1. Kindly indicate which of Lys182, Lys198 is within 12 Å of the ligand (Cβ to nearest atom) and either of a type in the set (D, E, K, R) or assigned by TED's automatic domain parsing to the domain that holds Met360 (or both).
2. Considering only region 170-179, state which residues are in contact with an Asp or Glu (Cβ under 7 Å, 6 or more places away or on another chain) and within 14 Å of the ligand (Cβ to nearest atom).
3. Does region 231-240 contain any residue that is in contact with a Pro (Cβ under 8 Å, 6 or more places away or on another chain), within 15 Å of the ligand (Cβ to nearest atom), part of a loop (DSSP other than H, G, I, E, B) and closer than 30 Å to Val29 by Cβ?
4. For the list (1) open to solvent by less than 30 Å² (accessible area, probe 1.4 Å); (2) among the polar types (S, T, N, Q); (3) out of contact with any helix residue (DSSP H, G or I) (no Cβ under 8 Å at 6 or more places or on another chain), I need the number of the one condition that Ser292 fails.
5. Are any residues in region 146-168 open to solvent by less than 10 Å² (accessible area, probe 1.4 Å) and either within 14 Å of the ligand (Cβ to nearest atom) or not assigned by TED's automatic domain parsing to the domain that holds Phe210 (or both), and if so, which ones?
6. Is there a residue being buried (at least 18 other Cβ atoms within 10 Å of the Cβ), in contact with a Phe, Trp or Tyr (Cβ under 6 Å, 6 or more places away or on another chain) and of a type in the set (Val, Ile, Thr) anywhere in region 300-322?
7. Mind telling me which of the residues Gly239, Gly207, Gly227 ends up being open to solvent by 20 Å² or more (accessible area, probe 1.4 Å), under 26 Å from Gly187 (Cβ atoms) and of a type in the set (Gly, Ala, Ser)?
8. Scan region 33-62 and report the pairs whose first residue is surrounded by fewer than 14 Cβ atoms within 10 Å (Cβ to Cβ) and whose second residue is among the basic types (Lys, Arg), with Cβ atoms within less than 9 Å and a gap of 6+ or a chain change.
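The values are calculated or read from the model by the stated rules, or taken from the named source; none is laboratory data. Everything numeric in this text was worked out from a predicted model, so none of it was measured. Virtual Cβ from ideal backbone geometry, glycine too; neighbours counted across all protein chains shown. Please note that ligands, DNA and RNA were not included when accessible areas were found on the heavy atoms of the full protein model with its side chains. Shrake-Rupley method; radii C 1.70, N 1.55, O 1.52, S 1.80 Å.
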Amino acid sequence: MNKHTFQNIPFIDVASQRARLGSAVDAAVKRVLDHSLFINGPEVAQLEERLAAYCGAKHVISCASGTDALLMVLLAKSVGPGDAVVCPSFTFCATGEVVALRGATPIFVDVDEETFNVDVVSLKKGIALARKLGLKPKAIIPVDLFGQPADHDAIGEVANAEGLFVLDDAAQSFGASYRGRKLGTFGLATATSFFPAKPLGCFGDGGAIFTNDAEFAGILRSIRVHGQGNDKYDNVRLGMTARLDTIQAAVLIEKLKIFDEEILARNAVANRYSESLRDIVGVPCTANENTSVWAQYTIRLPADVSRSAFATSLRSHGIPTMIYYPIPMHRQIAYSHHPVVGCGLPVSERLSTQVISLPMHAYLDERTQDLIIASVRSAVRD
Ligand SMILES: *Cc1c(COP(=O)(O)O)cnc(C)c1O
C-alpha cells in the first residue's frame, strides 16, 4: 500500500517526493552510472551554476555536508585559537561545533523570542564579552532557523562596525528571502545543507557554500580538495576531502526543478496551521519582509501545557512531533565550558522547554492537516 494511513503520518515525507520525481531521478542517476565520473562529474558544475542562478550568488562551491560548508569557511579565514566567533545558542549543534573544532571559542548569545533568530542586542554583548576575555572576535554566524532569515541588515551593520565577517548558516533555509533578496548573498559566505530532511535535500549528505568574492571562492575550491594548487599534487594549504558526489548533484538538479512549487506547498500548510492554531498556541512569527521555506513548523506551547503530555496525545492520533531543540548549545556537555553573555540565555532556555514542531512537508494533504489541527486543539484543551 502506497498511501499512508492516519496511523502512519510521516514527520517529513521524503517518500511522496520520491514517488513524484521517480523516473526523472532514476534517469539522472543512471546517466551518472553510465558515464561513471563519480567524482567531479559534469553534474557537479551544472548544479553549482543552477544554484548560483537560483539565489543570485556569484560563486557556489558544492561540498560534502552543511557542516563541512561551515568548517571550510572558517578554515579559509584561518579562524583558530585565540579567536572568538559569536553565534546563537538555540540552534543545531553544528553551528558552534565547527568553531570549537577549529580551536576557536564559540560565544553563545540569545535569540529573539518571536522569530527564534539571533537577538542583535545579545550579539553586541557577545562581541564585547569576547574582547573582555582577551579573545579576538573574528566572525558572526547567524542562523536562519527553521527556514526563516535572520535580521541580516542589522547583523551586517554590527559586523561592519566591529570589523567581523559574517558566515550565514542557512542549512535550514536555502530558498528563503530577506527583504526581497534570496539567502546566499548576505555576508562573506553562506553555508547550506542538502541533508535529506532539509527543504532542498539530496539522497545522502551534501552541502554548498555561496559567496560573491571570486578570490575567496578559489580558496574554498582549493580547500575542498586537500588545499590543492595548480594541480592535484601541488598542495598550497591545508584542506579537506569535502566534495559533493556526482550522483547527489544529479539528484539535486532534478529536485531543484520542483523546489519553488514545494516551497509554495509548504507555505500553504504553514498558513493553514497558523490560521487554525493562533488562538491557542504560539504560532511562528515570520518577520514582515521575510519569506520562509518552513524547514520546521515550530509552535510554542502555553507555559501551563505539559509538552510531553501534548506529544503523547498527538502520538495517540498517529501524529509524530519533534523537539528542536530540547537543550540549547550552551547547556550541552560538549559546549558548556564556553562563554555565554550575561548570566545565562533566558530566551533560549525558555524556548527549549516550550517549543515543539509539527509535521511539515510539501505533500501534507488537507485531510491530514485537519487531523493534526484538531489533535493539537484537543491536546492543548485537555
Ligand atoms: C543541518 C544543519 C547543519 C549541518 O548540516 P549537515 O549537512 O547535516 O552537516 C548546520 N546548521 C544547521 C542550523 C542545521 O540545521
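1. Exactly one residue qualifies, and that residue is Lys198.
2. Ala170, Gln172, Ser173, Ala176 - these are the residues of region 170-179 that are in contact with an Asp or Glu (Cβ under 7 Å, 6 or more places away or on another chain) and within 14 Å of the ligand (Cβ to nearest atom).
3. No, every residue in region 231-240 fails to be in contact with a Pro (Cβ under 8 Å, 6 or more places away or on another chain), within 15 Å of the ligand (Cβ to nearest atom), part of a loop (DSSP other than H, G, I, E, B) and closer than 30 Å to Val29 by Cβ.
4. Of (1) open to solvent by less than 30 Å² (accessible area, probe 1.4 Å); (2) among the polar types (S, T, N, Q); (3) out of contact with any helix residue (DSSP H, G or I) (no Cβ under 8 Å at 6 or more places or on another chain), only one is false for Ser292: (3).
5. Within region 146-168, Gly147, Pro149, Ala150, Leu167, Asp168 meet the criteria.
6. no
7. Only one candidate qualifies: Gly239.
8. Taking only residues 6 or more apart or on different chains, the pairs are Ile39/Arg243.
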